[in-house]
1. Going by the structure shown, is K5 part of a helix (DSSP H, G or I) and surrounded by 15 or more Cβ atoms within 10 Å (Cβ to Cβ)?
2. From the list S65, S124, S131, which one is touching a Gly at 6+ places or on another chain (Cβ under 8 Å) and not β-branched (V, I, T)?
3. Return yes when T63 is in contact (Cβ under 8 Å) with a residue 40 or more places away in the chain and surrounded by fewer than 17 Cβ atoms within 10 Å (Cβ to Cβ) and no when it is not.
4. Which of the residues that make up the stretch 93-127 are open to solvent by 80 Å² or more (accessible area, probe 1.4 Å), assigned to a loop (DSSP other than H, G, I, E, B) and at pLDDT 90 or above?
5. Do we find that V74 is under 15 Å from G169 (Cβ atoms), at pLDDT 90 or above and touching a helix residue (DSSP H, G or I) at 6+ places or on another chain (Cβ under 7 Å) in this structure?
6. With respect to S85, is the statement that it is open to solvent by less than 60 Å² (accessible area, probe 1.4 Å) and closer than 17 Å to R172 by Cα true?
7. Given (1) surrounded by 13 or more Cβ atoms within 10 Å (Cβ to Cβ); (2) assigned to a loop (DSSP other than H, G, I, E, B), identify the lone condition not met by I143.
8. Only residues that are over 14 Å from A133 (Cβ atoms) and either open to solvent by 10 Å² or more (accessible area, probe 1.4 Å) or hydroxyl-bearing (S, T, Y) (or both): list them for the stretch 181-202, please.
Amino acid sequence: MKLSKVLYYLNSLLLVIFVIWTISVANHATFISQFDNYWISAIYHHTNASLFTLTTFTEIGGTVSTIIITIVMVILLCYFKYYYSAMFLAFTKIAVVIVNTIIKYWIRRPRPSHHHYVFESGFSYPSGHSSSALSLYVPLLIISIYIFRKISLKILIGIATSLLFIIIGYSRVFLGVHYPSDIIGGYLLAATVVSIIYTLFRSKDPVIFNLKGIKHKSNN
(Lines give C-alpha, C1' and ligand atoms only; values in the text may rest on other atoms or scores of the structure.)
Protein backbone atom coordinates (compact mmCIF):
# COMPACT_ATOMS: atom_id res chain seq x y z
CA MET A 1 0.00 0.00 0.00
CA LYS A 2 1.32 3.44 -0.93
CA LEU A 3 2.27 5.83 1.84
CA SER A 4 -0.26 8.36 0.57
CA LYS A 5 -3.08 5.87 1.16
CA VAL A 6 -1.72 4.96 4.58
CA LEU A 7 -1.66 8.65 5.51
CA TYR A 8 -5.19 9.12 4.19
CA TYR A 9 -6.52 6.29 6.33
CA LEU A 10 -4.51 7.48 9.33
CA ASN A 11 -5.86 11.03 8.98
CA SER A 12 -9.42 9.74 8.70
CA LEU A 13 -9.04 7.41 11.67
CA LEU A 14 -7.50 10.08 13.91
CA LEU A 15 -10.17 12.61 12.96
CA VAL A 16 -13.02 10.18 13.63
CA ILE A 17 -11.59 9.14 17.00
CA PHE A 18 -11.03 12.77 18.00
CA VAL A 19 -14.58 13.78 17.01
CA ILE A 20 -16.11 10.83 18.90
CA TRP A 21 -13.94 11.54 21.95
CA THR A 22 -14.81 15.24 21.92
CA ILE A 23 -18.55 14.62 21.54
CA SER A 24 -18.36 12.10 24.39
CA VAL A 25 -16.64 14.65 26.65
CA ALA A 26 -19.14 17.37 25.70
CA ASN A 27 -22.07 15.07 26.49
CA HIS A 28 -20.59 13.76 29.77
CA ALA A 29 -20.52 10.16 28.59
CA THR A 30 -20.35 7.56 31.35
CA PHE A 31 -17.21 5.90 29.99
CA ILE A 32 -15.43 9.29 30.03
CA SER A 33 -16.28 9.78 33.71
CA GLN A 34 -15.15 6.25 34.53
CA PHE A 35 -11.92 6.79 32.58
CA ASP A 36 -11.22 10.07 34.39
CA ASN A 37 -12.01 8.73 37.85
CA TYR A 38 -9.80 5.68 37.38
CA TRP A 39 -6.74 7.59 36.20
CA ILE A 40 -7.14 10.47 38.64
CA SER A 41 -7.17 8.00 41.53
CA ALA A 42 -4.05 6.36 40.09
CA ILE A 43 -2.10 9.55 39.34
CA TYR A 44 -3.20 12.20 41.84
CA HIS A 45 -0.68 11.37 44.63
CA HIS A 46 2.09 13.77 45.59
CA THR A 47 5.45 14.17 47.26
CA ASN A 48 7.61 17.31 47.38
CA ALA A 49 10.12 15.82 44.96
CA SER A 50 7.49 14.73 42.44
CA LEU A 51 5.73 18.10 42.65
CA PHE A 52 8.96 19.94 41.88
CA THR A 53 9.88 17.61 39.01
CA LEU A 54 6.49 17.58 37.31
CA THR A 55 5.94 21.32 37.81
CA THR A 56 9.21 21.81 35.88
CA PHE A 57 8.03 19.51 33.09
CA THR A 58 4.64 21.19 32.90
CA GLU A 59 6.36 24.55 32.35
CA ILE A 60 8.30 23.08 29.41
CA GLY A 61 5.00 22.06 27.83
CA GLY A 62 3.22 25.38 28.26
CA THR A 63 1.88 27.23 25.22
CA VAL A 64 4.28 30.14 25.68
CA SER A 65 7.29 27.85 26.22
CA THR A 66 6.52 25.70 23.20
CA ILE A 67 5.92 28.76 21.02
CA ILE A 68 9.33 30.14 22.03
CA ILE A 69 11.00 26.79 21.32
CA THR A 70 9.16 26.60 17.99
CA ILE A 71 10.37 30.07 16.98
CA VAL A 72 13.96 29.18 17.89
CA MET A 73 13.78 25.91 15.94
CA VAL A 74 12.19 27.61 12.91
CA ILE A 75 15.02 30.18 12.88
CA LEU A 76 17.63 27.41 13.12
CA LEU A 77 16.01 25.37 10.36
CA CYS A 78 15.85 28.43 8.10
CA TYR A 79 19.49 29.23 8.87
CA PHE A 80 20.50 25.75 7.70
CA LYS A 81 18.13 26.11 4.71
CA TYR A 82 15.64 23.43 5.74
CA TYR A 83 12.81 25.73 4.65
CA TYR A 84 10.13 23.06 4.16
CA SER A 85 10.86 21.68 7.61
CA ALA A 86 10.63 25.16 9.14
CA MET A 87 7.27 25.81 7.46
CA PHE A 88 5.96 22.39 8.48
CA LEU A 89 6.85 23.04 12.12
CA ALA A 90 5.44 26.59 12.12
CA PHE A 91 2.18 25.73 10.33
CA THR A 92 1.56 22.75 12.59
CA LYS A 93 2.10 24.77 15.75
CA ILE A 94 -0.11 27.65 14.62
CA ALA A 95 -2.90 25.32 13.49
CA VAL A 96 -2.94 23.37 16.76
CA VAL A 97 -3.06 26.53 18.89
CA ILE A 98 -5.95 27.95 16.85
CA VAL A 99 -8.00 24.74 16.77
CA ASN A 100 -7.35 24.02 20.44
CA THR A 101 -8.56 27.49 21.43
CA ILE A 102 -11.72 27.20 19.32
CA ILE A 103 -12.62 23.83 20.80
CA LYS A 104 -11.95 25.00 24.37
CA TYR A 105 -14.50 27.79 23.96
CA TRP A 106 -16.94 25.47 22.23
CA ILE A 107 -16.84 22.73 24.87
CA ARG A 108 -16.33 25.12 27.84
CA ARG A 109 -15.46 22.31 30.21
CA PRO A 110 -14.59 23.49 33.75
CA ARG A 111 -11.32 22.33 35.25
CA PRO A 112 -11.31 19.65 37.97
CA SER A 113 -12.67 20.88 41.30
CA HIS A 114 -9.93 19.29 43.44
CA HIS A 115 -6.81 21.23 44.49
CA HIS A 116 -4.64 22.67 41.72
CA TYR A 117 -0.91 22.60 42.45
CA VAL A 118 -0.26 25.20 39.74
CA PHE A 119 -2.40 28.16 38.73
CA GLU A 120 -4.41 27.75 35.54
CA SER A 121 -7.28 29.77 34.14
CA GLY A 122 -9.62 29.09 31.25
CA PHE A 123 -11.37 25.92 30.25
CA SER A 124 -10.16 22.35 30.57
CA TYR A 125 -10.81 20.48 27.31
CA PRO A 126 -8.68 19.80 25.37
CA SER A 127 -5.41 20.19 27.24
CA GLY A 128 -3.38 22.99 25.69
CA HIS A 129 -0.17 21.69 27.24
CA SER A 130 -0.68 18.21 25.77
CA SER A 131 -1.56 19.45 22.31
CA SER A 132 1.25 22.04 22.38
CA ALA A 133 3.83 19.48 23.46
CA LEU A 134 2.87 16.90 20.87
CA SER A 135 2.58 19.51 18.09
CA LEU A 136 6.16 20.60 18.83
CA TYR A 137 8.01 17.40 19.65
CA VAL A 138 6.45 15.03 17.11
CA PRO A 139 7.15 17.38 14.15
CA LEU A 140 10.70 17.76 15.45
CA LEU A 141 10.98 13.97 15.45
CA ILE A 142 9.64 13.79 11.89
CA ILE A 143 12.07 16.49 10.77
CA SER A 144 14.99 14.73 12.46
CA ILE A 145 14.17 11.55 10.54
CA TYR A 146 14.68 13.46 7.30
CA ILE A 147 17.68 15.51 8.37
CA PHE A 148 19.83 13.07 10.33
CA ARG A 149 21.34 9.91 8.88
CA LYS A 150 22.41 7.95 11.98
CA ILE A 151 19.76 5.46 13.07
CA SER A 152 20.98 5.65 16.68
CA LEU A 153 20.45 9.43 16.73
CA LYS A 154 16.96 9.07 15.28
CA ILE A 155 16.08 6.50 17.93
CA LEU A 156 17.46 8.72 20.70
CA ILE A 157 15.47 11.72 19.48
CA GLY A 158 12.38 9.53 19.17
CA ILE A 159 12.66 8.33 22.76
CA ALA A 160 13.37 11.84 24.08
CA THR A 161 10.49 13.53 22.23
CA SER A 162 8.03 10.76 23.13
CA LEU A 163 8.95 10.90 26.80
CA LEU A 164 8.63 14.69 26.83
CA PHE A 165 5.07 14.92 25.58
CA ILE A 166 3.96 11.89 27.61
CA ILE A 167 5.41 13.26 30.87
CA ILE A 168 4.00 16.72 30.17
CA GLY A 169 0.53 15.23 29.68
CA TYR A 170 0.92 13.14 32.85
CA SER A 171 1.98 16.23 34.80
CA ARG A 172 -1.27 18.04 34.00
CA VAL A 173 -3.35 15.35 35.69
CA PHE A 174 -0.81 14.97 38.51
CA LEU A 175 -0.98 18.71 39.26
CA GLY A 176 -4.75 18.65 39.31
CA VAL A 177 -5.47 21.07 36.47
CA HIS A 178 -6.81 18.62 33.89
CA TYR A 179 -8.90 15.51 33.58
CA PRO A 180 -7.18 12.54 31.93
CA SER A 181 -9.70 12.80 29.08
CA ASP A 182 -8.44 16.36 28.47
CA ILE A 183 -4.96 14.95 27.91
CA ILE A 184 -6.18 12.29 25.46
CA GLY A 185 -8.20 14.97 23.66
CA GLY A 186 -5.13 17.19 23.39
CA TYR A 187 -3.03 14.33 22.03
CA LEU A 188 -5.71 13.34 19.51
CA LEU A 189 -6.14 16.93 18.35
CA ALA A 190 -2.43 17.49 17.83
CA ALA A 191 -1.87 14.07 16.24
CA THR A 192 -4.69 14.73 13.77
CA VAL A 193 -3.37 18.16 12.80
CA VAL A 194 0.24 16.92 12.54
CA SER A 195 -0.83 14.01 10.34
CA ILE A 196 -2.97 16.15 8.04
CA ILE A 197 -0.36 18.89 7.59
CA TYR A 198 2.37 16.31 7.02
CA THR A 199 0.19 14.76 4.32
CA LEU A 200 -0.29 18.17 2.68
CA PHE A 201 3.44 18.78 2.68
CA ARG A 202 4.00 15.46 0.93
CA SER A 203 1.32 16.18 -1.65
CA LYS A 204 2.28 16.70 -5.27
CA ASP A 205 -0.76 18.90 -5.85
CA PRO A 206 0.62 22.38 -6.71
CA VAL A 207 -2.50 24.03 -5.33
CA ILE A 208 -1.38 23.13 -1.81
CA PHE A 209 1.42 25.71 -1.47
CA ASN A 210 3.24 23.92 -4.30
CA LEU A 211 5.13 22.05 -1.59
CA LYS A 212 6.30 18.54 -2.40
CA GLY A 213 7.65 17.36 0.93
CA ILE A 214 10.18 17.96 3.67
CA LYS A 215 13.45 17.89 1.77
CA HIS A 216 17.11 17.85 2.65
CA LYS A 217 19.21 20.93 2.08
CA SER A 218 20.16 21.13 -1.58
CA ASN A 219 23.70 20.13 -2.52
CA ASN A 220 23.81 22.86 -5.16
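The values are calculated or read from the model by the stated rules, or taken from the named source; none is laboratory data. From a predicted model like this one, the values you see are computed outputs, not experimental measurements. A quick note on method: Cβ atoms are made from the backbone with ideal geometry, for glycine too, and the neighbour counts reach across all protein chains shown. These accessible areas exclude ligands, DNA and RNA; they are computed on the full protein's heavy atoms, side chains included. Shrake-Rupley method; radii C 1.70, N 1.55, O 1.52, S 1.80 Å.
1. Working: part of a helix (DSSP H, G or I): yes; surrounded by 15 or more Cβ atoms within 10 Å (Cβ to Cβ): no.
No.
2. S131
3. The answer is no for T63.
4. R108, P110
5. Judged against the criteria, V74 is not a match.
6. Judged against the criteria, S85 is not a match.
7. All conditions pass for I143, except number (2).
8. Once the filter is applied, which keeps residues that are over 14 Å from A133 (Cβ atoms) and either open to solvent by 10 Å² or more (accessible area, probe 1.4 Å) or hydroxyl-bearing (S, T, Y) (or both), the stretch 181-202 yields S181, T192, S195, I196, I197, Y198, T199, L200, R202.
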